[in-house]
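Enquirer: Handing you this structure, nothing more for now.
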Amino acid sequence: MQNQALLQESAVSPHHVIDAYRRAHYTIHGREPHVRYAGNSWYFVNNEAVHHKMLLQEITRLRELEQRKNLLNADKSIIHKLIARLRGL
């Protein structure tokens, strides 16, 4: 399934890949990365050469990390609500 997503995203323009990476990176790290397209499926991310496929995998990893982070926060808030209810009894 992940390979299908990568194949579908490989047809996406470099501009969209850069935007997706910037959003995902900012969400996790809280700062904008410096990203530019170098041509021929290569990007420079914070002055490091990164291939298109690797950048797509990193976007996927950051999005999954964001989902896990959101689930953990939701679980914590549910636990805090249950504790508050139990204290109220």
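Enquirer: Step by step: first the residues of region 1-20, then only those that are exposed (fewer than 10 other Cβ atoms within 10 Å of the Cβ) and at pLDDT 85 or above, then the one that is farthest from the chain's Cα centre (by Cα). Which residue is that?
Expert: SER13
Enquirer: Scan region 59-71 and give yes if some residue there is hydroxyl-bearing (Ser, Thr, Tyr), at pLDDT 95 or above and in a helix (DSSP H, G or I), otherwise no.
Expert: Looking for residues that are hydroxyl-bearing (Ser, Thr, Tyr), at pLDDT 95 or above and in a helix (DSSP H, G or I), one finds at least one in region 59-71, hence yes.
Enquirer: Can you tell me which residue among LYS81, LYS53, LYS76 is in a helix (DSSP H, G or I) and surrounded by 12 or more Cβ atoms within 10 Å (Cβ to Cβ)?
Expert: After ruling out the rest, the residue left standing is LYS53.
The values are calculated or read from the model by the stated rules, or taken from the named source; none is laboratory data. Since the model is a prediction, treat every value here as computed from it, not as a measurement. A quick note on method: Cβ atoms are made from the backbone with ideal geometry, for glycine too, and the neighbour counts reach across all protein chains shown.
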